[in-house]
Structure formats: C-alpha cells, structure tokens
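The values are calculated or read from the model by the stated rules, or taken from the named source; none is laboratory data. Note that the coordinates shown come from a computational prediction; the quantities given were computed from them, not determined experimentally. Positions of Cβ are backbone-derived with ideal geometry, glycine not excepted, and every protein chain shown enters the neighbour counts.
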Amino acid sequence: MVPGEPLQDPSDKHEEYPPIQCDACRSALESPDGMPSFLLIDQLTVPLVGCTDHLKQFKSVCGYTTTATAEILNHRPAGGVSCPSCHLAPYNPQQPVIQVQDGAVAVLACPEHQSEIITRFHAGLDTQQRLTAQFDASS
C-alpha cells in the first residue's frame, strides 16, 4: 500500500483494509460519536477523523498545495462548514480512509470535496518526495 492511497470500501468483500498500526487512529476511527477535527485550506473547511499526529501529517502534506497556511482545528470553526453537503456528510466507522504513514485519516466530506482533498494530499506527497529527493541529492 502506498501512503496516501485511499483504502478500499469495506463493503467490497474481495478487498481488505491494510492494517492500521496506530492505536490512536484506530480508536478515533472506530468511535461513532467522536468530534471531528477540521482541515482549513484555502476556501475549504473539511471535517476529518484520525489521531492528532496523523492529522498533523495529513495537514502538512496538504499544505504543499497552497500558498496560504493549512490549519487543523480541534473544534467546530466559527463559520461552520460552508458546503451544505459536507456539513451533512455522515460519519460511518466503516468509511474508507486515507493511509498516512502507519495511521489513517477519514475525510468526512461530500464526494466533490473529498476528491479534491485526496487529490491535494497526493499532490502534496509528490511535492514532498521531490523536495526530499532534491535535498538528498544535494547532500
């Protein structure tokens, strides 16, 4: 499994989730009544579920895709979630997640914004890998 790759939908009986090694992520993802954190990036406010460390890593990688600052809030933002579909996106403990190193993050958004955040995460991973490779080559 490549970090950042979406895991398969658990309703597909032929595919299995790779194990989530992070106990804190597993606990957060299995909790049906946990309060999500919120990723603020550009004009998007997207609810996320995961442990603090992997949410920070997710934010950091997504931050490579903006000239502004990406932020994680551990409380509902004052302006709320502006997209009505994201606001109503249900949390399901069986929801597909994005692998972030040995943990995982669930993006609780409408399909359009979920796709945009996943695309940003992949673009951020590519940028991070290129920067790391350039740094390693110059050392």
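Answer yes or no: is there a residue in the range 108-117 that is part of a loop (DSSP other than H, G, I, E, B), small (Gly, Ala, Ser) and either under 13 Å from the mean Cα position of the chain (by Cα) or closer than 19 Å to His54 by Cβ (or both). Looking for residues that are part of a loop (DSSP other than H, G, I, E, B), small (Gly, Ala, Ser) and either under 13 Å from the mean Cα position of the chain (by Cα) or closer than 19 Å to His54 by Cβ (or both), one finds at least one in the range 108-117, hence yes.
With respect to Asp136, determine if the residue is more than 15 Å from Phe38 (Cβ to Cβ), in contact (Cβ under 8 Å) with a residue 24 or more places away in the chain and charged (D, E, K, R).
Details: more than 15 Å from Phe38 (Cβ to Cβ): yes; in contact (Cβ under 8 Å) with a residue 24 or more places away in the chain: no; charged (D, E, K, R): yes.
Answer is no for this residue.
Enumerate the strands (runs of 3 or more DSSP E) found wholly within the range 18-104, keeping only those where 3 or more residues are among the hydrophobic types (A, V, I, L, M, F, W, C), surrounded by 15 or more Cβ atoms within 10 Å (Cβ to Cβ) and in contact (Cβ under 8 Å) with a residue 60 or more places away in the chain.
On the way: elements: 37-41, 44-49, 71-73, 98-100.
Once the strands (runs of 3 or more DSSP E) in the range 18-104 are filtered for at least 3 residues that are among the hydrophobic types (A, V, I, L, M, F, W, C), surrounded by 15 or more Cβ atoms within 10 Å (Cβ to Cβ) and in contact (Cβ under 8 Å) with a residue 60 or more places away in the chain, what remains is 44-49.
With respect to the conditions (1) modelled with pLDDT under 85; (2) closer than 12 Å to Leu44 by Cα; (3) touching a Gly at 6+ places or on another chain (Cβ under 9 Å), Ala70 falls short on a single one, namely (1).
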